[in-house]
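Read the structure below first, then the notes.
The values are calculated or read from the model by the stated rules, or taken from the named source; none is laboratory data. Note that the structure is a prediction, hence the values are computed from the model and not measured. Here Cβ is always computed from backbone atoms with ideal geometry, including for glycine, and neighbour counts include all displayed protein chains.
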Amino acid sequence: MSENIKFVIIDDSAQARKLLRLMLLELAPSIMCVGEAENVVEGLKLIEREQPDAVFLDIEMPGRSGMQLAEELCSSKFKGSIVFTTAYNAYAIKAFRLSALDYLLKPISEDHLLEAVAKLQQQRNTLDNQTKLTALTANLGDEGNNLLCIPVQGGYEYIPIHDIYYLEADGSYVKIVCAGNKQKIVSKNLKYFETTLESIPKFIRTHRSFLVNLDQVSSYSKADGGSLTLSNGAKIPISRERRLVVQEYLK
């Protein structure tokens, strides 16, 4: 793969394509646009011809959607990054966050575009589009059965959110404890997961080191400053600063 990132833009709006191209030219001149397309058929041909490192892909297009194009790319083992551009509502944005997929909300802001470019440069060797798209499809389709996509060595995997008991900060890592007391160690900080899961009310920060799934709480104790006992027997501390917030959630 070349040092500079090559990208294409696929969007049915010529004006939207031009605006994004000019923003990228100004903000990230080191990455190069190698083509544009206005629909899925043209987009697939363009990607096959140019083999870009990244695709900026509009979801809402007439005919076949950007999601369908993304599925075809995964079927063809496309290894580049996909950045969705969308005017979707807050519920859909939650789905993107849980699925670890990059998205730009229209109208696109300069700060968010710069963040997306930075991620493209960081993720060039840790892509797993199929796993993330599988999670996104589930998260868009069933609000009560969400999946959390997490980075692992060499790619990504997903965890059913209802299987998570709690997340615990461990230095620069986070330990995710799931059903059956299975554990996942992820190279992210707890704030990353707190932000990712903020749209799911049952997850609450009880302590600077713990994020807990309230569906798994079996009892609450005021002793020793306060703690929660979970259905797997784990005892989670509650900090003084979080005590009133936790009590309010448990009402």
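At a glance:
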item	result
Residue that is modelled with the lowest pLDDT, among those in region 75-89 that are exposed (fewer than 14 other Cβ atoms within 10 Å of the Cβ) and of a type in the set (Gly, Ala, Ser)	Ser75
Options Ser109, Ser172: the member that is surrounded by 12 or more Cβ atoms within 10 Å (Cβ to Cβ) and at pLDDT below 95	Ser109
Among residues of region 128-142, those that are buried (at least 22 other Cβ atoms within 10 Å of the Cβ) and out of contact with any Cys (no Cβ under 6 Å at 6 or more places or on another chain), counted	2
Hits in region 24-38 (condition: out of contact with any helix residue (DSSP H, G or I) (no Cβ under 7 Å at 6 or more places or on another chain) and either among the polar types (S, T, N, Q) or assigned to a strand (DSSP E or B) (or both))	Ser30, Met32
Residue within region 87-94 that is of a type in the set (Phe, Trp, Tyr) and either more than 17 Å from Ala138 (Cα to Cα) or in contact with a helix residue (DSSP H, G or I) (Cβ under 7 Å, 6 or more places away or on another chain) (or both) present	no
Region 1-17, subset assigned to a helix (DSSP H, G or I) and in contact (Cβ under 8 Å) with a residue 24 or more places away in the chain, residue nearest to Glu60 (Cα to Cα)	Ala16
Of residues in region 163-179 being without any contact (Cβ under 8 Å) to a residue 60 or more places away in the chain and out of contact with any Lys or Arg (no Cβ under 9 Å at 6 or more places or on another chain), the one farthest from Phe193 (Cα to Cα)	Ala179
Which listed residue is touching a residue at least 24 places away in the same chain (Cβ under 8 Å), buried (at least 22 other Cβ atoms within 10 Å of the Cβ) and over 29 Å from Ile200 (Cα atoms), from Leu20, Leu57, Leu27, Leu46	Leu20
Residue list for region 60-74, filter: more than 17 Å from Ala16 (Cβ to Cβ), buried (at least 19 other Cβ atoms within 10 Å of the Cβ) and more than 17 Å from the chain's Cα centre (by Cα)	Leu73
All positions within region 239-248 that are surrounded by 15 or more Cβ atoms within 10 Å (Cβ to Cβ) and within 28 Å of the chain's Cα centre (by Cα)	Arg242, Val246
